[in-house]
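Below is one structure, written out as structure tokens, with a few remarks after it.
The values are calculated or read from the model by the stated rules, or taken from the named source; none is laboratory data. Keep in mind that this is a model prediction, so the values were computed, not measured. Neighbour counts are summed over all protein chains in view; Cβ atoms, including those assigned to glycine, are modelled from backbone coordinates with ideal geometry. Quick note on the areas: whole protein, heavy atoms, side chains included, nothing else; ligands and nucleic acids left out. Shrake-Rupley method; radii C 1.70, N 1.55, O 1.52, S 1.80 Å.
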Amino acid sequence: MLLLLAGLVAGCASGPTVGLPGASSPASGQEASGSAPPTVAEPARKVQQLMMVGSDERLVTLYLPPMAPAATAPLLILLHANGESPAAMVRESGIDLLAAREGVIVALPPARDRRWQALQQPGEAPAPSSDVAYVSGLIDQLLAEQPVDPSRVYVAGFSMGAALTDRIACQLADRVAAVAIDAGTPWGGACEPSAPVSVLVMHGTADATFSIERASQMVDRWRELAGCPSDGAPSPEVIGPATIAAYACEAGADVTFVTVEGGAHRWFTQPDATALAWEFLGAHARH
């Protein structure tokens, strides 16, 4: 069933929207097709907070939605591209609007010197990433300080932030229920997740930074890890420029691959990557 994403898309992007076939209703309680989008009484509150993990202190941008007393909310950590900033990621994604509309706590940490420690080159000895360590500690702090539902912790990223998201899914699977990877690449090291994690990969066929072949390799690896069927792709859904292949897998996780015909290296607006990411992420909770 295709979900209408009007409540997610408003203010995020113009043009047609795409729903993920077979996705269940998001965990935040978004209504099904044909219903009016929820009314947002007030915007999410923006907070910039210095947050320390060990000796690593960074200025994290938070969007805190209006919430009822004693309620809990999903947490989405959103990672920007190399050379960019949390502010640029907010402008590209409209994530502040989604935070208010869907009741999601959003955290945008900055990379040191605007470059993530994400990739491991072939032949390199395995080395820990200070950014994976920071995100892990950030999750701990936000669980302690904010009304976060620990079963609904998500990570999404664009470009090198997407490569770091792939690495986080491999190394922090016991903390993260699902991830969304837009215009990314495999991080390069071994992937041995300690728990099931659901993965959405979005990629353009004309991406000149990270090739569509790299994205396909990442999807194949996650399909194998999740115990997805090995007898080829399901019947894909084609909507506008997007082709959506959604795999229901045996290991308690789902994998979905969205390819955008002619799509370049960007956080997509047609289809809307923010809406697609939340529809996927919000439908998955850690058990």
Which residues, taken from the stretch 249-271, are at pLDDT 95 or above, more than 22 Å from residue 169 (Cβ to Cβ) and within 18 Å of the chain's Cα centre (by Cα)? none
Just one of 246, 190 is at pLDDT below 95, open to solvent by 20 Å² or more (accessible area, probe 1.4 Å) and in contact with a strand residue (DSSP E or B) (Cβ under 8 Å, 6 or more places away or on another chain); which is it? 246
Taking the stretch 249-287, which residues are of a type in the set (A, V, I, L, M) and crowded, with 24+ Cβ neighbours inside 10 Å? 253, 255, 258, 260, 273, 275, 276, 277, 281
Taking the stated definitions as given, is residue 103 within 17 Å of residue 173 (Cβ to Cβ) and in contact with a strand residue (DSSP E or B) (Cβ under 7 Å, 6 or more places away or on another chain)? no
Can you find, within the stretch 144-174, the residue that is least open to solvent (accessible area, probe 1.4 Å) among those that are over 19 Å from residue 199 (Cα atoms) and in contact (Cβ under 8 Å) with a residue 24 or more places away in the chain? 148
Pairs, please: C-beta under 8 Å, at least 6 apart or cross-chain, first residue farther than 16 Å from residue 277 by Cα and of a type in the set (D, E, K, R) and in the stretch 88-116, second in a helix (DSSP H, G or I) and open to solvent by 10 Å² or more (accessible area, probe 1.4 Å)? 112/130; 115/160
Which of the following residues is open to solvent by 50 Å² or more (accessible area, probe 1.4 Å) and within 28 Å of residue 151 (Cβ to Cβ): 130, 136, 93? 130
Single unsatisfied condition, residue 119 versus (1) closer than 28 Å to residue 209 by Cβ; (2) surrounded by 19 or more Cβ atoms within 10 Å (Cβ to Cβ); (3) aliphatic (A, V, I, L, M): (2)
Among 190, 125, 133, 81, which is of a type in the set (Gly, Ala, Ser) and in a helix (DSSP H, G or I)? 133
Scanning the stretch 230-243 for residues that are of a type in the set (Ser, Thr, Tyr) and closer than 19 Å to residue 217 by Cβ, which turns out least open to solvent (accessible area, probe 1.4 Å)? 243
For the stretch 25-58, what are the residues that are modelled with pLDDT of 95 or more, open to solvent by 80 Å² or more (accessible area, probe 1.4 Å) and out of contact with any Ser or Thr (no Cβ under 6 Å at 6 or more places or on another chain)? 45, 46, 50, 52, 55, 57
Might you check whether a residue that is in contact (Cβ under 8 Å) with a residue 24 or more places away in the chain, within 16 Å of residue 273 (Cβ to Cβ) and out of contact with any helix residue (DSSP H, G or I) (no Cβ under 6 Å at 6 or more places or on another chain) occurs anywhere in the stretch 222-239? yes
From the set of residues in the stretch 206-221 that are in contact (Cβ under 8 Å) with a residue 40 or more places away in the chain and touching a Ser or Thr at 6+ places or on another chain (Cβ under 6 Å), which is surrounded by the fewest Cβ atoms within 10 Å (Cβ to Cβ)? 212
